[in-house]
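Remarks on the structure that follows.
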Amino acid sequence: MTDDRHHFGTRALWAGESEDPHCRDVALPIHHSVTFAYEDVDEWFDVALDQKPGYIYSRNKNPTVRPLELTMRALEGAEEAISFSTGMAAISNTLYTLLAPGDRAVAIKDTYGGTNKIFIEFLPRAGVDVAMCDTLDFDGIEAEIRKGCKLLYLETPTNPTLKVVDIARLSRVAHEHGAKVIVDNTFATPINQRPLELGADLVVYSATKYLNGHSDAMGGILCGPKGIVDQVYHYREINGATLHANTAYMILRGLKTLELRIQRHNENAQRIAEYLHDHPKVDHVFYPGLPDHHNHAIAKAQMDGYGGMLSFALTGDFDQVKRFLPRLHLAHKAASLGSVTTLVGPPRVTSHVELTAEERRAAGIPESLIRYSAGIENAEDLIADLEQALAGL
Ligand SMILES: *Cc1c(COP(=O)(O)O)cnc(C)c1O
(Lines give C-alpha, C1' and ligand atoms only; values in the text may rest on other atoms or scores of the structure.)
Protein backbone atom coordinates (compact mmCIF):
# COMPACT_ATOMS: atom_id res chain seq x y z
CA MET A 1 0.00 0.00 0.00
CA THR A 2 1.10 3.56 -0.67
CA ASP A 3 0.31 7.03 0.61
CA ASP A 4 0.17 10.61 -0.66
CA ARG A 5 3.95 11.07 -0.49
CA HIS A 6 4.52 8.54 -3.23
CA HIS A 7 4.73 9.62 -6.86
CA PHE A 8 2.54 8.36 -9.71
CA GLY A 9 4.89 5.66 -10.92
CA THR A 10 4.96 4.16 -7.43
CA ARG A 11 1.25 4.53 -6.70
CA ALA A 12 0.31 2.91 -10.01
CA LEU A 13 2.18 -0.23 -8.95
CA TRP A 14 1.56 -0.45 -5.23
CA ALA A 15 -1.61 1.43 -4.27
CA GLY A 16 -4.28 -1.11 -5.12
CA GLU A 17 -2.72 -4.52 -4.76
CA SER A 18 -1.56 -6.54 -1.77
CA GLU A 19 -0.25 -10.10 -1.61
CA ASP A 20 -2.74 -12.81 -0.85
CA PRO A 21 -1.77 -14.05 2.65
CA HIS A 22 -1.95 -17.73 1.61
CA CYS A 23 -0.48 -17.95 -1.89
CA ARG A 24 1.69 -14.81 -1.81
CA ASP A 25 1.23 -14.27 -5.56
CA VAL A 26 3.12 -11.23 -6.80
CA ALA A 27 0.64 -10.86 -9.71
CA LEU A 28 -3.00 -10.24 -8.84
CA PRO A 29 -5.18 -13.37 -9.23
CA ILE A 30 -8.20 -13.06 -11.53
CA HIS A 31 -11.24 -13.94 -9.43
CA HIS A 32 -13.80 -15.39 -11.81
CA SER A 33 -16.14 -16.36 -9.01
CA VAL A 34 -19.58 -14.82 -9.26
CA THR A 35 -20.37 -15.37 -5.59
CA PHE A 36 -18.45 -15.68 -2.30
CA ALA A 37 -19.25 -18.17 0.48
CA TYR A 38 -19.81 -17.71 4.22
CA GLU A 39 -20.03 -20.22 7.09
CA ASP A 40 -20.84 -17.57 9.68
CA VAL A 41 -24.21 -15.95 8.98
CA ASP A 42 -23.43 -12.94 11.22
CA GLU A 43 -20.30 -12.23 9.21
CA TRP A 44 -22.26 -12.63 5.96
CA PHE A 45 -24.81 -10.13 7.26
CA ASP A 46 -22.10 -7.60 8.24
CA VAL A 47 -20.42 -7.83 4.83
CA ALA A 48 -23.79 -7.53 3.07
CA LEU A 49 -24.44 -4.30 5.00
CA ASP A 50 -20.95 -2.98 4.20
CA GLN A 51 -20.08 -3.02 7.89
CA LYS A 52 -17.20 -5.40 7.32
CA PRO A 53 -14.87 -5.73 4.31
CA GLY A 54 -15.59 -8.67 2.02
CA TYR A 55 -17.32 -9.80 -1.15
CA ILE A 56 -20.84 -11.06 -1.74
CA TYR A 57 -21.62 -10.99 -5.46
CA SER A 58 -19.49 -9.89 -8.43
CA ARG A 59 -22.04 -7.49 -9.92
CA ASN A 60 -21.40 -5.39 -6.82
CA LYS A 61 -17.78 -5.97 -5.82
CA ASN A 62 -15.08 -8.35 -6.92
CA PRO A 63 -11.55 -8.92 -5.49
CA THR A 64 -9.88 -8.32 -8.88
CA VAL A 65 -11.97 -5.29 -9.79
CA ARG A 66 -11.56 -3.56 -6.42
CA PRO A 67 -7.72 -3.23 -6.69
CA LEU A 68 -8.20 -1.37 -9.99
CA GLU A 69 -10.58 1.05 -8.26
CA LEU A 70 -8.14 1.54 -5.38
CA THR A 71 -5.30 2.23 -7.83
CA MET A 72 -7.35 4.84 -9.70
CA ARG A 73 -8.41 6.40 -6.40
CA ALA A 74 -4.73 6.80 -5.48
CA LEU A 75 -3.67 8.13 -8.91
CA GLU A 76 -6.45 10.71 -8.90
CA GLY A 77 -5.99 11.69 -5.25
CA ALA A 78 -9.71 11.01 -4.76
CA GLU A 79 -11.61 9.79 -1.73
CA GLU A 80 -13.28 7.00 -3.72
CA ALA A 81 -13.33 5.43 -7.19
CA ILE A 82 -15.57 2.89 -8.93
CA SER A 83 -15.38 1.11 -12.24
CA PHE A 84 -17.84 0.39 -15.07
CA SER A 85 -18.09 -1.85 -18.12
CA THR A 86 -17.29 1.07 -20.50
CA GLY A 87 -16.56 4.78 -20.41
CA MET A 88 -20.10 5.54 -21.55
CA ALA A 89 -21.43 3.46 -18.64
CA ALA A 90 -19.37 5.60 -16.23
CA ILE A 91 -20.71 8.80 -17.79
CA SER A 92 -24.36 7.73 -18.13
CA ASN A 93 -24.61 6.12 -14.68
CA THR A 94 -23.11 9.24 -13.10
CA LEU A 95 -25.46 11.62 -14.94
CA TYR A 96 -28.57 9.52 -14.27
CA THR A 97 -27.67 9.21 -10.59
CA LEU A 98 -27.18 12.93 -10.09
CA LEU A 99 -29.93 14.39 -12.31
CA ALA A 100 -33.69 14.11 -11.78
CA PRO A 101 -36.66 15.53 -13.71
CA GLY A 102 -36.81 19.31 -13.24
CA ASP A 103 -33.05 19.66 -12.79
CA ARG A 104 -30.88 21.77 -15.06
CA ALA A 105 -27.40 20.89 -16.35
CA VAL A 106 -24.83 22.99 -18.21
CA ALA A 107 -22.44 21.29 -20.64
CA ILE A 108 -20.00 22.26 -23.36
CA LYS A 109 -20.86 21.43 -26.96
CA ASP A 110 -17.60 19.60 -27.70
CA THR A 111 -18.18 16.57 -25.51
CA TYR A 112 -17.54 13.02 -26.75
CA GLY A 113 -20.22 11.95 -29.28
CA GLY A 114 -21.98 9.51 -26.94
CA THR A 115 -22.00 12.03 -24.09
CA ASN A 116 -23.38 14.67 -26.42
CA LYS A 117 -26.25 12.37 -27.34
CA ILE A 118 -27.13 11.94 -23.66
CA PHE A 119 -27.24 15.72 -23.25
CA ILE A 120 -29.21 16.57 -26.36
CA GLU A 121 -31.52 13.57 -26.51
CA PHE A 122 -31.75 11.29 -23.45
CA LEU A 123 -31.67 13.80 -20.58
CA PRO A 124 -34.23 16.20 -22.10
CA ARG A 125 -36.50 13.18 -22.64
CA ALA A 126 -36.08 12.42 -18.92
CA GLY A 127 -37.23 15.93 -18.01
CA VAL A 128 -33.78 17.43 -17.46
CA ASP A 129 -33.17 20.87 -18.93
CA VAL A 130 -29.75 21.05 -20.61
CA ALA A 131 -27.86 24.18 -21.71
CA MET A 132 -25.21 23.38 -24.32
CA CYS A 133 -22.53 26.09 -24.44
CA ASP A 134 -19.84 27.03 -26.91
CA THR A 135 -16.81 25.28 -25.48
CA LEU A 136 -14.47 28.26 -25.53
CA ASP A 137 -16.99 30.94 -24.55
CA PHE A 138 -16.19 30.88 -20.82
CA ASP A 139 -18.25 34.05 -20.20
CA GLY A 140 -21.23 32.38 -21.88
CA ILE A 141 -20.76 29.21 -19.79
CA GLU A 142 -20.61 31.33 -16.61
CA ALA A 143 -23.81 33.11 -17.62
CA GLU A 144 -25.60 29.76 -18.01
CA ILE A 145 -24.27 28.58 -14.62
CA ARG A 146 -25.60 31.78 -13.00
CA LYS A 147 -29.09 31.01 -14.25
CA GLY A 148 -28.94 28.04 -11.84
CA CYS A 149 -27.92 24.44 -12.45
CA LYS A 150 -27.33 21.20 -10.60
CA LEU A 151 -24.18 20.30 -12.49
CA LEU A 152 -21.59 21.52 -14.94
CA TYR A 153 -20.11 18.96 -17.34
CA LEU A 154 -16.71 19.60 -18.93
CA GLU A 155 -14.22 17.71 -21.06
CA THR A 156 -10.70 18.93 -21.81
CA PRO A 157 -8.81 18.68 -24.11
CA THR A 158 -11.72 17.98 -26.43
CA ASN A 159 -12.17 15.77 -29.45
CA PRO A 160 -11.11 16.29 -32.24
CA THR A 161 -9.79 19.87 -32.21
CA LEU A 162 -8.12 19.76 -28.79
CA LYS A 163 -9.97 22.70 -27.28
CA VAL A 164 -8.78 23.48 -23.75
CA VAL A 165 -11.29 24.49 -21.08
CA ASP A 166 -10.36 26.41 -17.91
CA ILE A 167 -11.35 23.93 -15.18
CA ALA A 168 -10.38 26.10 -12.18
CA ARG A 169 -12.25 29.21 -13.39
CA LEU A 170 -15.48 27.41 -14.27
CA SER A 171 -15.41 25.20 -11.14
CA ARG A 172 -15.16 28.31 -8.99
CA VAL A 173 -18.26 29.85 -10.57
CA ALA A 174 -20.16 26.54 -10.47
CA HIS A 175 -19.47 26.19 -6.75
CA GLU A 176 -20.60 29.76 -6.05
CA HIS A 177 -23.94 28.65 -7.47
CA GLY A 178 -24.09 25.28 -5.72
CA ALA A 179 -23.42 23.14 -8.81
CA LYS A 180 -21.20 20.04 -8.94
CA VAL A 181 -18.54 19.84 -11.64
CA ILE A 182 -17.78 16.68 -13.65
CA VAL A 183 -14.73 16.51 -15.92
CA ASP A 184 -14.10 13.83 -18.55
CA ASN A 185 -10.32 13.46 -18.23
CA THR A 186 -9.91 10.66 -20.79
CA PHE A 187 -7.54 12.56 -23.12
CA ALA A 188 -5.24 13.81 -20.34
CA THR A 189 -5.15 10.98 -17.74
CA PRO A 190 -4.11 11.77 -14.16
CA ILE A 191 -0.48 11.94 -15.30
CA ASN A 192 -1.15 15.10 -17.35
CA GLN A 193 -4.12 16.67 -15.54
CA ARG A 194 -5.85 16.24 -12.18
CA PRO A 195 -9.24 17.99 -12.27
CA LEU A 196 -9.93 17.44 -8.54
CA GLU A 197 -6.85 19.52 -7.68
CA LEU A 198 -8.19 22.23 -10.00
CA GLY A 199 -11.52 22.33 -8.16
CA ALA A 200 -13.74 19.81 -9.99
CA ASP A 201 -15.89 17.44 -7.92
CA LEU A 202 -15.90 14.31 -10.08
CA VAL A 203 -13.66 12.86 -12.77
CA VAL A 204 -14.83 10.31 -15.36
CA TYR A 205 -12.75 8.19 -17.71
CA SER A 206 -13.06 5.92 -20.63
CA ALA A 207 -10.47 3.40 -19.37
CA THR A 208 -10.67 1.94 -22.90
CA LYS A 209 -8.20 4.62 -24.00
CA TYR A 210 -4.95 5.55 -22.22
CA LEU A 211 -5.62 3.89 -18.85
CA ASN A 212 -5.68 0.44 -20.41
CA GLY A 213 -3.62 1.74 -23.29
CA HIS A 214 -3.46 -1.28 -25.60
CA SER A 215 -6.78 -1.20 -27.54
CA ASP A 216 -7.76 -4.56 -26.08
CA ALA A 217 -10.09 -3.85 -23.16
CA MET A 218 -13.04 -1.55 -22.45
CA GLY A 219 -13.89 0.06 -19.13
CA GLY A 220 -14.89 3.23 -17.32
CA ILE A 221 -13.93 4.90 -14.04
CA LEU A 222 -15.49 7.52 -11.77
CA CYS A 223 -13.42 9.25 -9.06
CA GLY A 224 -14.58 11.75 -6.44
CA PRO A 225 -15.92 12.27 -2.90
CA LYS A 226 -17.08 9.06 -1.20
CA GLY A 227 -20.62 10.35 -0.64
CA ILE A 228 -21.30 10.95 -4.34
CA VAL A 229 -19.32 7.99 -5.71
CA ASP A 230 -21.18 5.63 -3.32
CA GLN A 231 -24.49 6.98 -4.65
CA VAL A 232 -23.40 6.20 -8.21
CA TYR A 233 -22.11 2.81 -7.05
CA HIS A 234 -25.57 1.88 -5.73
CA TYR A 235 -27.12 2.95 -9.04
CA ARG A 236 -24.58 0.91 -11.03
CA GLU A 237 -25.05 -2.07 -8.71
CA ILE A 238 -28.70 -2.25 -9.82
CA ASN A 239 -28.23 -0.94 -13.35
CA GLY A 240 -25.63 -3.66 -13.87
CA ALA A 241 -22.88 -1.92 -15.87
CA THR A 242 -20.19 -3.81 -13.96
CA LEU A 243 -16.60 -4.31 -15.10
CA HIS A 244 -15.51 -7.94 -15.54
CA ALA A 245 -12.59 -9.29 -13.48
CA ASN A 246 -10.61 -10.26 -16.59
CA THR A 247 -10.93 -6.76 -17.98
CA ALA A 248 -10.09 -5.18 -14.63
CA TYR A 249 -6.88 -7.24 -14.62
CA MET A 250 -5.95 -5.96 -18.08
CA ILE A 251 -6.62 -2.32 -17.22
CA LEU A 252 -4.66 -2.71 -13.98
CA ARG A 253 -1.77 -4.13 -15.99
CA GLY A 254 -2.04 -1.14 -18.34
CA LEU A 255 -1.90 1.27 -15.39
CA LYS A 256 1.44 -0.16 -14.28
CA THR A 257 3.08 1.53 -17.29
CA LEU A 258 0.76 4.55 -17.51
CA GLU A 259 3.35 7.12 -16.47
CA LEU A 260 6.02 5.74 -18.82
CA ARG A 261 3.58 5.52 -21.71
CA ILE A 262 2.17 9.01 -21.19
CA GLN A 263 5.66 10.53 -21.04
CA ARG A 264 6.37 8.96 -24.43
CA HIS A 265 2.93 9.86 -25.89
CA ASN A 266 3.54 13.48 -24.79
CA GLU A 267 7.01 13.62 -26.35
CA ASN A 268 5.93 12.01 -29.60
CA ALA A 269 2.84 14.19 -30.06
CA GLN A 270 4.81 17.38 -29.33
CA ARG A 271 7.52 16.51 -31.87
CA ILE A 272 4.97 15.50 -34.50
CA ALA A 273 2.87 18.63 -33.91
CA GLU A 274 5.95 20.82 -34.34
CA TYR A 275 6.97 18.95 -37.50
CA LEU A 276 3.50 19.23 -39.08
CA HIS A 277 3.14 22.87 -38.02
CA ASP A 278 5.86 23.89 -40.46
CA HIS A 279 4.83 21.61 -43.32
CA PRO A 280 3.55 23.35 -46.48
CA LYS A 281 0.89 20.67 -47.12
CA VAL A 282 -0.59 21.10 -43.64
CA ASP A 283 -3.01 23.95 -43.21
CA HIS A 284 -3.40 23.89 -39.44
CA VAL A 285 -2.27 21.80 -36.46
CA PHE A 286 -4.40 21.53 -33.31
CA TYR A 287 -2.24 20.69 -30.29
CA PRO A 288 -2.27 22.33 -26.82
CA GLY A 289 1.53 22.15 -26.64
CA LEU A 290 1.99 24.54 -29.58
CA PRO A 291 2.50 28.19 -28.55
CA ASP A 292 -0.10 29.30 -31.14
CA HIS A 293 -2.80 27.02 -29.70
CA HIS A 294 -5.81 29.20 -28.76
CA ASN A 295 -5.50 28.34 -25.05
CA HIS A 296 -1.85 27.35 -24.72
CA ALA A 297 -1.50 29.44 -21.55
CA ILE A 298 -4.41 27.67 -19.80
CA ALA A 299 -3.10 24.28 -20.93
CA LYS A 300 0.33 25.16 -19.58
CA ALA A 301 -1.13 26.16 -16.22
CA GLN A 302 -3.51 23.24 -15.71
CA MET A 303 -1.65 20.36 -17.39
CA ASP A 304 1.66 18.65 -16.59
CA GLY A 305 1.93 17.40 -20.18
CA TYR A 306 -0.02 18.17 -23.34
CA GLY A 307 -0.99 14.60 -24.20
CA GLY A 308 -0.69 12.23 -27.12
CA MET A 309 -3.64 13.52 -29.17
CA LEU A 310 -3.36 16.01 -32.00
CA SER A 311 -5.22 16.76 -35.18
CA PHE A 312 -4.28 18.54 -38.38
CA ALA A 313 -6.00 19.81 -41.49
CA LEU A 314 -4.37 19.09 -44.83
CA THR A 315 -4.35 21.82 -47.46
CA GLY A 316 -7.08 20.97 -49.94
CA ASP A 317 -10.31 19.06 -49.55
CA PHE A 318 -11.44 15.64 -48.32
CA ASP A 319 -9.93 13.96 -51.42
CA GLN A 320 -6.50 14.79 -49.97
CA VAL A 321 -7.42 12.80 -46.87
CA LYS A 322 -8.42 9.83 -49.05
CA ARG A 323 -5.05 9.98 -50.81
CA PHE A 324 -3.04 10.59 -47.63
CA LEU A 325 -4.32 7.95 -45.21
CA PRO A 326 -3.54 4.82 -47.28
CA ARG A 327 0.03 6.08 -47.65
CA LEU A 328 0.61 6.03 -43.88
CA HIS A 329 2.17 2.74 -42.82
CA LEU A 330 2.89 3.23 -39.11
CA ALA A 331 -0.72 3.87 -38.10
CA HIS A 332 -3.90 1.87 -37.89
CA LYS A 333 -6.63 3.70 -39.75
CA ALA A 334 -9.23 3.12 -37.07
CA ALA A 335 -11.49 4.83 -34.57
CA SER A 336 -10.52 5.13 -30.88
CA LEU A 337 -7.33 6.51 -29.36
CA GLY A 338 -4.84 6.25 -26.55
CA SER A 339 -3.15 3.03 -27.59
CA VAL A 340 0.54 2.11 -27.67
CA THR A 341 0.22 1.93 -31.46
CA THR A 342 -0.59 5.03 -33.51
CA LEU A 343 -4.23 5.33 -34.55
CA VAL A 344 -5.48 7.81 -37.16
CA GLY A 345 -8.87 8.66 -38.56
CA PRO A 346 -10.75 11.48 -40.26
CA PRO A 347 -13.48 12.93 -37.96
CA ARG A 348 -15.55 13.35 -41.15
CA VAL A 349 -16.02 9.54 -41.26
CA THR A 350 -15.65 8.72 -37.53
CA SER A 351 -16.83 10.92 -34.66
CA HIS A 352 -18.61 13.51 -36.82
CA VAL A 353 -19.92 11.35 -39.66
CA GLU A 354 -23.56 12.16 -38.91
CA LEU A 355 -23.14 15.92 -39.26
CA THR A 356 -23.59 17.80 -42.52
CA ALA A 357 -20.62 19.70 -43.98
CA GLU A 358 -22.33 22.89 -42.75
CA GLU A 359 -22.64 21.56 -39.19
CA ARG A 360 -19.01 20.44 -39.21
CA ARG A 361 -17.97 23.91 -40.30
CA ALA A 362 -20.04 25.44 -37.49
CA ALA A 363 -18.30 23.08 -35.05
CA GLY A 364 -14.91 24.24 -36.35
CA ILE A 365 -14.03 20.88 -37.91
CA PRO A 366 -12.34 21.25 -41.32
CA GLU A 367 -13.33 18.64 -43.95
CA SER A 368 -9.64 17.75 -44.39
CA LEU A 369 -9.03 17.18 -40.66
CA ILE A 370 -7.10 14.11 -39.51
CA ARG A 371 -7.06 13.03 -35.89
CA TYR A 372 -3.76 11.49 -34.86
CA SER A 373 -3.36 9.48 -31.66
CA ALA A 374 0.42 9.30 -31.41
CA GLY A 375 1.54 5.92 -30.14
CA ILE A 376 4.74 5.11 -28.28
CA GLU A 377 6.73 4.15 -31.40
CA ASN A 378 10.01 5.94 -32.10
CA ALA A 379 9.17 9.58 -32.98
CA GLU A 380 11.66 9.72 -35.85
CA ASP A 381 10.03 6.73 -37.48
CA LEU A 382 6.57 8.28 -37.12
CA ILE A 383 7.77 11.58 -38.58
CA ALA A 384 9.50 9.81 -41.50
CA ASP A 385 6.25 7.95 -42.17
CA LEU A 386 4.26 11.22 -42.19
CA GLU A 387 6.96 12.81 -44.38
CA GLN A 388 6.73 10.18 -47.11
CA ALA A 389 2.92 10.18 -47.00
CA LEU A 390 2.78 13.99 -47.33
CA ALA A 391 5.39 13.93 -50.11
CA GLY A 392 3.04 11.76 -52.17
CA LEU A 393 0.25 14.36 -52.18
C1 LIG B 1 -14.05 6.90 -25.90
C2 LIG B 1 -14.48 8.01 -25.04
C3 LIG B 1 -15.62 7.90 -24.22
C4 LIG B 1 -16.48 6.66 -24.22
O5 LIG B 1 -15.79 5.56 -23.72
P6 LIG B 1 -16.14 4.03 -24.11
O7 LIG B 1 -15.17 3.26 -23.29
O8 LIG B 1 -15.96 3.89 -25.59
O9 LIG B 1 -17.56 3.81 -23.70
C10 LIG B 1 -15.94 8.97 -23.41
N11 LIG B 1 -15.21 10.11 -23.42
C12 LIG B 1 -14.12 10.26 -24.20
C13 LIG B 1 -13.36 11.54 -24.16
C14 LIG B 1 -13.71 9.22 -25.04
O15 LIG B 1 -12.65 9.39 -25.83
Original post:
When the Cα centres of the stretch 122-175 and the stretch 204-236 are compared, how far apart do they sit, in Å?
Top reply: 21
**OP:** For the stretch 348-364, take each phi angle, set θ = phi - 60°, evaluate the Karplus expression 6.51 cos²θ - 1.76 cosθ + 1.60, and give the result in whole Hz per residue in order, putting x for glycine and proline.
**Re:** 4, 10, 10, 4, 10, 5, 7, 7, 7, 4, 4, 5, 5, 4, 4, 7, x
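Just to confirm, what accessible area per residue do you get for the chain at 1.4 Å probe, in whole Å²?
On the way: 17110 Å² over 393 residues.
Heavy-atom SASA per residue in the chain reads 44 Å².
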Original post:
What residue among F45, F318, F84 shows peak mean-square fluctuation when the chain is described by a Gaussian network model with Cα springs under 10 Å?
Top reply: F45
**OP:** Express the carbon and sulfur contribution to the solvent-accessible surface of the chain as a percent, rounded to the nearest whole number, probe 1.4 angstrom.
**Re:** 53
Subject >> Highest average packing first - 345-358, 12-25, 268-281, 150-163, Cβ atoms within 10 Å >> reply: 150-163, 268-281, 345-358, 12-25
Original post:
How many nm is it between the label spots at F318 and E121, if each spot is 7 Å from the Cα in line with the beta carbon?
Top reply: 2.1
**OP:** Would you mind getting me the FRET efficiency between A391 and D139? Use the beta-carbon distance for r and R0 = 41 Å, nearest 0.05.
**Re:** 0.40
**OP:** Could you tell me the number of lysine pairs in the stretch 134-213 with C-alpha atoms less than 22 Å from each other, where the two lysines are 8 or more residues apart or belong to different chains?
**Re:** 4
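Give me the percent of DSSP beta bridges within the chain that run antiparallel, rounded to the nearest 5.
55
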**OP:** Bin all alpha-carbon pair distances of the stretch 258-391 at 10 Å intervals from 0 and give each bin's fraction as a whole percent.
**Re:** 13, 44, 36, 7, 0
**OP:** Pull up the cross-link candidates among the aspartates and glutamates for K117, meaning alpha carbon to alpha carbon under 18 Å and not fewer than 8 places away within one chain.
**Re:** D103, D129, D134, E155, D184, E354, E359
Original post:
With the dipole of the chain worked out from charges on the C-beta (+1 for Lys and Arg, -1 for Asp and Glu) around the Cα centre, which of L13, L255, A362 lies farthest toward the positive end?
Top reply: A362
Original post:
Can you tell which of T156, A126, I145 lies farthest toward the positive end of the dipole of the stretch 112-162, using +1 and -1 charges on the Cβ of basic and acidic side chains (Lys, Arg; Asp, Glu)?
Top reply: A126
**OP:** Note the direction-averaged projected area, equal to a quarter of the hull surface, for the Cα convex hull of the chain, in nm².
**Re:** 20.1
Original post:
When only C-alpha pairs under 8 Å and at least 6 residues apart count, what is the relative contact order of the chain, in percent?
Top reply: 16
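The values are calculated or read from the model by the stated rules, or taken from the named source; none is laboratory data. Computed from a predicted structure; not experimentally measured. So basically every Cβ, Gly included, is an ideal-geometry build from the backbone, and we count neighbours across all protein chains shown. Calculation scope for accessible area: heavy atoms of the full protein, side chains included, ligands and nucleic acids excluded. Shrake-Rupley method; radii C 1.70, N 1.55, O 1.52, S 1.80 Å.
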